[in-house]
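Readers should treat all values here as calculations from the given coordinates under stated rules, not as data from a laboratory. Note that this is a predicted model, so its numbers are computed, not measured. Cβ atoms come from the backbone with ideal geometry, glycine included; neighbour counts cover every protein chain shown.
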Amino acid sequence: MATLSAEFTLPLRSFTLGLSLEVDGTVALVGPSGAGKTSVLRAVAGLVRPSSGRIALGDDVWVDSARGVFLPPDRRRVGLVFQEYALFPHMTVRENVAYAGAGRADEYLERFRISHLAKARTTELSGGERQRVALARALAREPGVLLLDEPLSALDAHTKSAVRAELRELLADLALPTLLVTHDFEDAAALSDHVGVIVDGELRQLASPADLVASPADTFVASFTGANLMHGRVVGRDGGVTEVELADDGHRVYSTDDATGEVGVVVYPWEVSVARSRRDDSALNVIEANVRSIVQVGNRVRIHIGPVTAEITEASVDKLDLEVGSLAVASWKATGTRLVPLT
Amino acid sequence: MDHLKRILLGTAFFGASALAFSFMVLPIAAIFVHVPVTDLLHQFTNPVVTDALIVSVKTIVVAQIAILLLGTPVAYLLASRRFPGHAIIVTLVELPIVLPPAVAGLGLIVAFGRFGLLGSTFDWLGIDVSFNQTAVVLAICLVAGPFYVRQAIASFESVDKNLIAASRTLGASPTRTFFRVTMPLARGGLAAGEALCLARGLGEFGATIMFAGSLQGKTQTLPLAVYTQFEAQGGLTIALAISSLLVIISLAILLSLKATSLWQLSRQSSLSPFGRSRSV
């Protein structure tokens, strides 16, 4: 699989977008509205022209301002899924997909389980169906890179979790470099290997979701990243509590949420308390591990212990006499643990 | 007291509406009732009527083709590109809509007539555009064309830019995008503009009579025939017959325009019902 490399500047209305990215797995760009996220996708797709820079998929150069290269969108192998999907209202579902690849429409309709909708007008579909049509259409182009603009924002909360799980599976199957933008850190963490936080057109930090939560580069990144998201598998449910085995280290964690199969375990750093040794309290979740990092965030401190990050006050850090490498105990309640289905 | 005021006000509104409505409908009704309808029907075999009908149909068809072929690209360009002077050009294109037709006619004479700006050039090319059907077509194009172009600009502008962008990212060239996405989505609006333009062209009088004259069987269109017959001795019935024909044609155009916009409304839902504000 070829790597997408993009390094460019693009003047926008109130700031200049400037970033440098390498995408081989799935990278999510998160940030507030108006941060320039969609413009990144539009620049990669060729819908806007950067003032300078270079964009290439492997050896295939799409933009090189130094050599005056700028390929139009139809000559870039790119699949862009628009936020509102941009399905053609005057065509049926099948015609939409066939527009991108005439001979491949039926194959992709089948793959996305929308063959039964082939003759339907796109205006008659539900949010989840519209997204599948948009994905089928973008992939029928047989792109070398997939771009997703807020893939989950047009869906209601109920549809969203199912679609997120589907999308995650799809991205794993496709093995295409994928760049997605979202304003929701949890979605970003659930769908991608690396997350970049973008503010006012500037990439503040690009790291794995766990690293972003553990060591945010600045207070903005810290406020934006929010929750820990750990991957795990449900192993049992007893007395209203679900037991999850974490994928990374086999730790068992507990939640009052009901779920089965692969899940994301969501815990907010400020819900996690830290001690030097195991205590007798009501918290069901207890993880004893070495401190991996201690990062100051404003007047608080983020401590990365085993798979989880806690956010506590400076005074507590001093009192506990914690430093990197020392053994610590992180604990939090099962009621403060959300389970996000990923299958 | 309040009650009385309300009754008086209501009566005044009803009275004004009734007066206005009768004022607008009576002249049209009068055309059909001034002489017996059978007398009107008799006139449809009169050569004055059939000649005018033929001239009108011929010139309007040629003018419509010219307007569509030249006006559509102009409208698309003005809708999709922004350049210095854009607003000025749009205003100039719209000017003939509000310009008195007699002024347009005079303008045509001094531009393309034998002694006009391009007269000698046309002479040299062997083109004669005064007092013939070419002149009628030119008059219709100048006066009615802007109705189509103006509506076509609005129709092209209303096509969702994301759909055009989507088409390009799906591998379609600008040409394919224009014919498969832009045109089909703008079609309803283009048809509406076309209908307005057709109605205006059919009724064109002022510019035509100045630039092309009113020669029966040559340049005399239906509206010109109405005027000429009305002036002639004993031609009132013929004028009324032609007028009744024009009323029916105009009504048909108006009804098809309404049908088109209804049809368009029923399938106008290119945006998702889950609309959200877009991040930039």
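Please check: in the Gaussian network model of chain B (C-alpha springs, under 10 Å), which one of B:L202, B:L19, B:L138 has the largest mean-square fluctuation. Answer for the Gaussian network model of chain B: B:L19. Pop the C-beta distance of A:D106 and B:A252 into the FRET formula with R0 = 45 Å and round what comes out to the nearest 0.05. FRET efficiency, A:D106 to B:A252: 0.50. Here each label is just a point 7 Å from Cα along the line to Cβ, and for A:S223 and B:A66 those points are 6.6 nm apart.
Which value, in Å³ per residue, describes the convex hull spanned by the Cα atoms of chain B?
Roughly 239 Å³ of hull volume per residue.
Summed over qualifying helices (DSSP H, 4 residues or more, each -39500 (n - 2.57)) and divided by its residue number, chain A shows a 222 nm mean residue ellipticity of -7000 deg cm²/dmol. If you look at the Cα atoms of segment A:38-131, you get an Rg and a Dmax of 16.2, 49 Å. The mean of 1/r over all pairs of different alpha-carbon atoms in segment B:56-219, once inverted, gives a Kirkwood hydrodynamic radius of 17.0 Å. For peptide A:153-166, the mean count of partner chain Cβ atoms within 10 Å of a residue's Cβ comes to 1.
Among the residues of A:86-97, the average count of other protein chain beta-carbon atoms within 10 Å of the residue beta-carbon is 4. Against the empirical curve 2.2 N^0.38 Å, the C-alpha radius of gyration of segment A:228-341 lands at a ratio of 1.04.
Comparing A:L155, A:L191, A:L17 in a Gaussian network model of chain A where C-alpha atoms under 10 Å apart are linked, the largest mean-square fluctuation is found at A:L155.
Computed over segment A:4-217, the alpha-carbon pair-distance distribution with 10 angstrom bins reads 9, 34, 36, 18, 3, 0, each value a whole percent. Taking label positions 7 Å along the Cα-Cβ direction at both A:S14 and B:V25, the computed distance is 5.6 nm, reported to one decimal.
Once both labels are positioned 7 Å from their Cα atoms along Cα-to-Cβ, the gap between A:E202 and A:E22 label points is 2.4 nm. For A:H194, what is the net charge nearby, where nearby means another residue's Cβ is under 13 Å from its Cβ and Lys, Arg count +1, Asp, Glu -1? That works out to -4.
With neighbours defined as other Cβ atoms within 10 Å of a residue's Cβ, the residues B:T11, B:T59 order from fewest to most as B:T11, B:T59. Here the residues B:Y76, A:Y254, B:Y227, A:Y85, ranked from fewest to most Cβ neighbours within 10 Å of their Cβ, fall in the order B:Y227, B:Y76, A:Y254, A:Y85.
Build a GNM of chain A with springs between Cα atoms under 10 Å: which of A:D218, A:D149, A:D173 gets the top mean-square fluctuation? Ranking A:D218, A:D149, A:D173 by mean-square fluctuation puts A:D173 first. For segment B:1-104, the Kirkwood estimate of hydrodynamic radius, built from reciprocal distances between every pair of different alpha carbons, is 19.9 Å. Counting neighbouring beta carbons within 10 Å and listing from fewest to most, the residues A:R67, A:R141 come out as A:R67, A:R141.
Using the alpha carbons alone, the radius of gyration of the protein assembly as shown stands to its Kirkwood radius in an Rg to Rh ratio of 1.17.
With a Cα cut-off of under 30 Å and a minimum spacing of 8 residues unless on different chains, the lysine pairs in chain A number 4.
Radius of gyration over Kirkwood radius for segment A:185-270, both on Cα atoms: the Rg/Rh ratio is 1.05.
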